[in-house]
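These notes concern the structure reproduced below.
The values are calculated or read from the model by the stated rules, or taken from the named source; none is laboratory data. Model, not experiment: these values are computed from the prediction. In this analysis, Cβ positions are derived from the backbone assuming ideal geometry, glycine residues included, and neighbour counts consider all displayed protein chains. To get the accessible areas, we keep the full protein, side chains included, count just its heavy atoms, and leave off ligands, DNA and RNA. Shrake-Rupley method; radii C 1.70, N 1.55, O 1.52, S 1.80 Å.
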Amino acid sequence: MIDFTQNRLREKVVLIVGGSSGIGLAAARQAAAQGASLALLARNAERLATAATAVRTAGTASVSTHAVDATDVTALEAAFAEVQRIHGAIDHVLLTAGGATLAPLLDHRSIDEQVAPLEQRIRTAIITVRALAPGMRDGGSFVFVGGISTDRPVKGAWATGVATAAAEQLARTLALELAPIRANAISPGWIDTPMWDGVLGDEKSDVFAQIVARTPIGRFASAEETADAALFLMQNGGITGEVLHIDGGQRLT
Ligand SMILES: NC(=O)c1ccc[n+]([C@@H]2O[C@H](COP(=O)([O-])OP(=O)(O)OC[C@H]3O[C@@H](n4cnc5c(N)ncnc54)[C@H](OP(=O)(O)O)[C@@H]3O)[C@@H](O)[C@H]2O)c1
């Protein structure tokens, strides 16, 4: 029997790796409003504390925060053990930790520097799945974050595009490997979150205006709309191996 009530995440435990900002924070607030217990993981403890306050205001039963760099295997595994000690078995995991890298392949950085953003995203996802999938509750799911760069690559952002494509492919392959645990991905278009302040700086408003001009819905999809799609994938037990695009049609133009 499908639960179509407003509190479909009641008594569920949702872990958000990257839950202190942007899409992850929006998902945390929405999950809290639907009755979930939340574990939020990110690097900056102060921003996590602010996020936890916002999540409590939205109405969650319990929220824990874990200040960890998700590229540090040992620290990440320790944080997951702590999450399970606090909350018990986990139902759903959303992986939003990451950023965008704008740097051409033929620049003068070392191979290690060039590959790092790509490798870190994949490593975080793999460590997370290896650590948590075996103990997840029935009906559990992973939601990875891909992105518009998979379908509409940006010159100079090859690492971002390869990372988003990998996240989407992980969802498809892990839907088979982890079954009956489900694996899906959201694929955001350009979303106005704090991530872009750091990446684009002063050029942000000009770049955004150009993208909005070719966006079919005439604006960017919001972090809240993107988070809503992630929660939909958690809650709908019939969907696995899916990549849901929240881009206002940007990949078509
Ligand atoms: N915004 C867009 O237009 C867009 C489009 C397509 C895809 N995406 C993807 O969507 C995801 C979320 O983006 P967003 O826009 O919501 O960005 P955001 O507002 O910058 O949020 C990123 C979150 O991840 C955390 N984080 C980043 N690196 C981390 C690390 N190494 N370890 C642990 N936590 C880490 C950040 O907190 P700390 O900094 O404190 O660690 C923050 O909570 C990213 O993977 C991004 O590539 C975004």
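What residue among ALA67, ALA81, ALA27 shows peak mean-square fluctuation when the chain is described by a Gaussian network model with Cα springs under 10 Å?
Its mean-square fluctuation being the largest, the pick is ALA81.
What ranking, highest mean first, results for peptides 85-95, 160-170 when packing means the other Cβ atoms within 10 Å averaged over each residue?
160-170, 85-95
Kindly state, to the nearest 0.05, the FRET efficiency for VAL154 paired with GLU82, given R0 = 35 Å and r defined as their beta-carbon distance.
So, using R0 = 35 Å, E works out to roughly 0.40.
Of the heavy-atom accessible surface of region 13-252 (probe 1.4 angstrom), what whole percent is carbon and sulfur? Could the numbers behind the result be given before it?
Values: 5810 of 10810 Å².
After summing per-atom areas, the C and S share lands at 54 percent.
Taking the Cα centre of region 13-252 as the origin, how large is its charge dipole in debye, to the nearest 20, when only Lys and Arg (+1) and Asp and Glu (-1) carry charge on their Cβ atoms?
Dipole magnitude for region 13-252 comes out near 320 debye.
Please give the charge dipole size of region 38-121, origin at the Cα centre, charges +1 on K and R Cβ atoms and -1 on D and E Cβ atoms. Round to the nearest 20 debye.
Dipole size: approximately 360 debye.
Over the chain, with the other protein chains present, what is the accessible area per residue in square angstrom, probe 1.4 angstrom? Working shown, then result.
Values: 12120 Å² over 253 residues.
Heavy-atom accessible area per residue stands at 48 Å².
Quick one: helix 22-33 against the long Cα principal axis of the chain, what's the angle to the nearest 10°, folded into 0 to 90?
20 degrees
Specify the angular offset, from 0 to 90 degrees and rounded to the nearest 10, of the alpha carbon long axis of helix 73-87 from the longest principal axis of the alpha carbons in the chain.
With rounding to tens, the tilt is 40 degrees.
How would ASP247, ASP112, ASP202, ASP151 rank on accessible area, largest to smallest, probe 1.4 Å?
ASP202, ASP112, ASP151, ASP247
Give me the number: length gained by fully extending GLU11 to VAL115, i.e. 0.36 nm times residue separation minus the C-alpha to C-alpha distance, one decimal in nm. List each step's numbers first, then the result.
Details: separation 104, 0.36 × 104 = 37.44 nm, distance 3.97 nm.
Length difference between fully extended and current span is 33.5 nm.
Want the number for THR74 to ASN236: 0.36 nm per residue separation, take away the alpha-carbon distance, what's left?
Values: separation 162, 0.36 × 162 = 58.32 nm, distance 3.25 nm.
Separation in residues times 0.36 nm, less the Cα-Cα distance, equals 55.1 nm.
For ASP228 and SER205, compute 0.36 nm times the residue count separating them, minus their Cα-Cα distance, and round to one decimal in nm. Present the calculation step by step, with values, prior to reporting the outcome.
Numbers: separation 23, 0.36 × 23 = 8.28 nm, distance 2.54 nm.
Full-extension gain reported as 5.7 nm.
Leaving ligands, DNA and RNA out of it, work out the accessible area of ILE217 with a 1.4 Å probe and give it in Å² to the nearest 10.
90 Å²
On a 0 to 90° scale, report how tilted helix 45-58 is relative to the longest principal axis of the chain, with both axes built from alpha carbons and the result rounded to the nearest 10.
60 degrees
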